[in-house]
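The values are calculated or read from the model by the stated rules, or taken from the named source; none is laboratory data. Everything numeric here is computed off the predicted structure, so don't read it as measured data. Using ideal geometry, Cβ is built from the backbone for each residue, glycine included, and neighbour counts are taken over all protein chains shown.
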Amino acid sequence: MKTQVVIIGAGPSGLLLGQLLNKQGIENIILERVTPEYVLGRIRAGVLEQGFADLMRKAGVGERMDREGEVHDGFEIAYNGKRVRINLNELTDGDTVIVYGQTEVTRDLMDARVKSGQYSVYEARNVQPHDLTEEHPYVTYEKDGETFRIDCDYIAGCDGFYGVSRKSIPAECLKEYERVYPGGWLGVLAETPPVNPELVYVCHDRGFALCSMRSKTRSRYYIQVGSADKVEQWSDEAFWDELKRRLPEELAAKLITGKSIEKSIAPMRSFVVEPMQYGKLFLLGDAAHIVPPTGAKGLNTAASDVYTLSSILEKVYGEGRSDLASKYSEICLRRVWDGERFSWWMSNMLHKFEDTSEFERKIYNSELEFFLNTESGRKVLAQQYVGLPYDAIE
Ligand code: RFL
Ligand code: PHB
């Protein structure tokens, strides 16, 4: 087989890239290790920046998001018995975010892929990129006991943190930057009305909590748990009790609990690999960087990588600008580090980590007071939360 771009991974990065390349007339094949149902079963992100939403529209898949997603022009932070609202709309140039789950984004992209007729292979085993520094690299994979080979011009590694793409680059050509936090987020999805119409991030002595949602009838809640905690240890009842202890009184009193539809623990990690490319292989999304979920930046930063690579490839194929390909990593990393800094900072301010000294805790509290109680502080928070604009590719 032969194509222009092989995309490894059918998560949101791979599917959105495939869809944008289709729009630009660039042929591509997607190889995914698991089934579509398995991909859709992962409950992850919920908050989309405006840049992400615009990219979905550009890809021709924004219709259901615009109909069913909820535009939020603010969110709250609760701490020391107070609740402070960050008015995103007023504190920025009218920017907002959209609450629309990653599962729905992925479903819309999968449906569009089927309609486009472009080739995708699910349950592709042993995917392996080859000849990355040659003019024409290729990718091999196994399916139903047979081995296949796809020759191509470029390979897009969209296969998440544990994928094969980053691992196929010689270790001496990469530098990794990492912080693993002592703890994770225990998340529960429930068919109950959200406790508050907007997201509430809670900083509490017992640990962080977050009230989020997927719709008017479906809630998503998280509590910070220790690194040794296992999901089986947490009954629904224990989860709701602990959440109530951390919420401001009036919210705890209003909280409607119910049976969990999904319950999982997400680890907290900050990670960046530099550079985000090697020869003809580009790394996108979680394959190149991870953030703790506190700033809602993971999927959004993945989308800005997709914007950058699709814009570069449009000019490479449309205008013969092959020089642009070497700039991919440098362009992405500016925005990647911005998301890393914001997520790290929000995480430190709002969580109780066992490796934080009492002195640092005091500093983070003082920072929280400053950023929530001054107009300039709230502006910085709002600006970061809605996300930086994408860089023009010239
Ligand atoms: P994904 O979603 O991990 O998809 C990678 C795909 O590659 C496949 N794969 C392979 N395929 C072929 N061969 C191989 N060898 C392969 N190895 C892996 C996998 O099966 C998978 O289908 O990466 P992608 O596309 O880069 O997307 C990244 C996002 O999923 C991630 O950044 C976000 O979910 C992070 N995140 C959030 N981001 C936000 O912007 N806003 C949020 O509100 C937000 N909330 C969250 C989050 C992540 C969370 N968890 C569970 C880590 C909340 C949580 C709880
Ligand atoms: C979610 O709804 O899953 C969510 C929302 C905001 C975050 C992280 C996760 O910061």
**Prompt:** buried (at least 21 other Cβ atoms within 10 Å of the Cβ) and hydroxyl-bearing (Ser, Thr, Tyr) - does that describe any residue in the range 107-129?
**Reply:** no
**Message:** Given the condition surrounded by fewer than 20 Cβ atoms within 10 Å (Cβ to Cβ), in a helix (DSSP H, G or I) and of a type in the set (Ser, Thr, Tyr), answer yes or no: does some residue in the range 333-355 qualify?
**Reply:** no
**Message:** Can you go through Tyr122, Tyr100, Tyr79 and tell me which one is hydroxyl-bearing (Ser, Thr, Tyr) and more than 23 Å from Leu210 (Cα to Cα)?
**Reply:** Tyr122
**Asked** How many of the residues in the range 203-236 are within 18 Å of Ala252 (Cβ to Cβ) and either away from ligand 1 (no atom under 16 Å from the Cβ) or of a type in the set (Lys, Arg) (or both)?
**Response** 6
**Asked** What residue, among those in the range 7-27 that are surrounded by fewer than 24 Cβ atoms within 10 Å (Cβ to Cβ) and of a type in the set (S, T, N, Q), is farthest from ligand 2 (Cβ to nearest atom)?
**Response** Gln24
**Request:** Could you give me the residue pairs with C-beta distances under 6 Å whose first residue belongs to the range 51-73 and is aromatic (Phe, Trp, Tyr), whose second residue is buried (at least 16 other Cβ atoms within 10 Å of the Cβ) wherever it lies, and which are 6+ apart or on separate chains?
**Result:** Phe52/Asn300; Phe52/Ala303
**Prompt:** Across the range 101-155, what is the number of residues that are among the aliphatic types (A, V, I, L, M) and within 30 Å of Glu68 (Cα to Cα)?
**Reply:** 6
**Message:** What are the pairs with Cβ atoms under 7 angstrom where one residue, in the range 207-220, is assigned to a loop (DSSP other than H, G, I, E, B) and the other, located anywhere, is acidic (Asp, Glu) and more than 9 Å from ligand 2 (Cβ to nearest atom)? Sequence gap at least six, or different chains.
**Reply:** Thr217/Glu191; Arg218/Glu191
**Prompt:** For the subset of the range 28-47 comprising residues that are within 16 Å of ligand 2 (Cβ to nearest atom), touching a helix residue (DSSP H, G or I) at 6+ places or on another chain (Cβ under 7 Å) and of a type in the set (A, V, I, L, M), which member is farthest from Leu313 (Cα to Cα)?
**Reply:** Ile43
**Item:** Matching residues, the range 271-296, being touching a residue at least 60 places away in the same chain (Cβ under 8 Å) and within 14 Å of ligand 2 (Cβ to nearest atom)
**Value:** Ile290, Pro292, Pro293, Thr294, Gly295, Ala296
**Asked** Considering the range 291-316 alone, what residues qualify as being farther than 19 Å from Val97 by Cα and among the polar types (S, T, N, Q)?
**Response** Thr308, Ser310, Ser311
**Request:** Among residues belonging to the range 38-64 that are within 17 Å of the chain's Cα centre (by Cα) and of a type in the set (D, E, K, R), point out the one that is nearest to ligand 1 (Cβ to nearest atom).
**Result:** Arg44
**Message:** When the residues of the range 209-240 are narrowed to those that are of a type in the set (Asp, Glu) and over 23 Å from Pro182 (Cβ atoms), which ends up nearest to ligand 2 (Cβ to nearest atom)?
**Reply:** Asp236
**Item:** Selection from the range 80-106 of residues that are in contact with a strand residue (DSSP E or B) (Cβ under 8 Å, 6 or more places away or on another chain), buried (at least 19 other Cβ atoms within 10 Å of the Cβ) and over 30 Å from Gly41 (Cα atoms)
**Value:** Ile86, Leu88
**Complete:** Looking across the range 180-202 at residues that are closer than 13 Å to Ser260 by Cβ and more than 14 Å from ligand 1 (Cβ to nearest atom), the single one that is surrounded by the most Cβ atoms within 10 Å (Cβ to Cβ) is Ala190
**Message:** Condition first: in contact (Cβ under 8 Å) with a residue 12 or more places away in the chain, of a type in the set (A, V, I, L, M, F, W, C) and within 21 Å of Arg269 (Cβ to Cβ). Now tell me which residues in the range 223-253 satisfy that.
**Reply:** Ile223, Val225, Val231, Trp234
**Request:** Output yes when any residue across the range 253-272 is modelled with pLDDT of 95 or more, assigned to a helix (DSSP H, G or I), over 28 Å from Asp338 (Cα atoms) and away from ligand 1 (no atom under 16 Å from the Cβ), and no when none is.
**Result:** yes
**Asked** Looking only at the range 21-37, which residues are near ligand 1 (Cβ under 7 Å from one of its atoms) and not in a strand (DSSP E or B)?
**Response** Glu32, Arg33, Val34
**Message:** Could you check the range 138-172 and list, in sequence order, the residues that are closer than 18 Å to Ala287 by Cβ and exposed (fewer than 12 other Cβ atoms within 10 Å of the Cβ)?
**Reply:** Tyr162, Pro170, Ala171
**Within the range 39-124, strands (runs of 3 or more DSSP E) holding 3 or more residues that are of a type in the set (S, T, N, Q)** = none
